[in-house]
Amino acid sequence: MNGAHLEKLAALLTGDSKTSWPTKRMYTTGVDCYTGERIVVGQQTAKKNDIPLAHGAAASSSLPGVAGPTLLGQRYVMDGGICSNPAHVDLVAGTPKGVDLLDPKQIAGALRTGYERSKIEAPTIKEFWA
């Protein structure tokens, strides 16, 4: 597990990182070192599995070769940014289960859907950034 330095940093940034998560809308992500499965930890999951915020943050920022994996419950977890979807836009968008953009059969349909959606959303995004 990563050392006390990360716990101190997380406490400085978020408050009592050893016992609580600051908001229900905060999530950390990681990758299970053995299965490659993406792990998403939020307030509810953290309470259920007794995972302090500092440990979720440590796992999410464990950089292979620099800072080792972090034990979350019974799983060794490392940087959530090294998964197949590092921006985690599927989580933000609420992507339905079963969507696998690494499956060649699903890529064309996903690109088509994204392109059509972009035509609808582009004016709002342009206005926001203007």
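Please list, ordered by first then second residue, the pairs with beta carbon atoms under 6 Å, 6 or more apart or interchain, first in the stretch 49-75 and closer than 13 Å to I39 by Cβ, second of a type in the set (S, T, N, Q) and assigned to a helix (DSSP H, G or I).
G73/N49
Where residues in the stretch 73-130 are exposed (fewer than 10 other Cβ atoms within 10 Å of the Cβ) and polar (S, T, N, Q), which of them is modelled with the highest pLDDT?
T124
If the Cβ limit is 6 Å and pairs must be 6+ apart or interchain, which residue in the stretch 115-128 that is under 17 Å from A93 (Cα atoms) and touching a residue at least 12 places away in the same chain (Cβ under 8 Å) pairs with which residue that is open to solvent by less than 100 Å² (accessible area, probe 1.4 Å) and of a type outside the set (A, V, I, L, M)?
From the stretch 115-128, no pairs qualify.
Suppose we keep only residues that are part of a strand (DSSP E or B) and not basic (K, R) within the stretch 33-58. Which one would you say is most open to solvent (accessible area, probe 1.4 Å)?
V40
I'd like the full set of residues that are of a type in the set (G, A, S) and either assigned to a strand (DSSP E or B) or within 11 Å of T28 (Cα to Cα) (or both), limited to the stretch 59-83.
Selection gives A59, S60, S61, G80, G81.
Which residues, taken from the stretch 1-42, are modelled with pLDDT under 65, closer than 16 Å to S60 by Cβ and β-branched (V, I, T)?
Selection gives T14 alone.
So for the stretch 49-58 (the condition being more than 19 Å from Y27 (Cβ to Cβ) and at pLDDT below 85), does at least one residue qualify?
no
Looking at the stretch 61-72, which of its residues are at pLDDT below 85 and open to solvent by 30 Å² or more (accessible area, probe 1.4 Å)?
Residues of the stretch 61-72 that are at pLDDT below 85, as a first pass: 61-68.
Selection gives S61, L63, P64, G65, V66, A67, G68.
Name, by its number, the condition in (1) part of a helix (DSSP H, G or I); (2) open to solvent by less than 90 Å² (accessible area, probe 1.4 Å) that does not hold for G30.
For G30, the failing item is (1).
The values are calculated or read from the model by the stated rules, or taken from the named source; none is laboratory data. Note that the structure is predicted; figures quoted are calculated from it, not measured. Neighbour counts run over all protein chains shown; Cβ positions are idealised from the backbone, glycine included. In case anyone asks, the SASA skips ligands and DNA or RNA and just uses the protein heavy atoms, side chains included. Shrake-Rupley method; radii C 1.70, N 1.55, O 1.52, S 1.80 Å.
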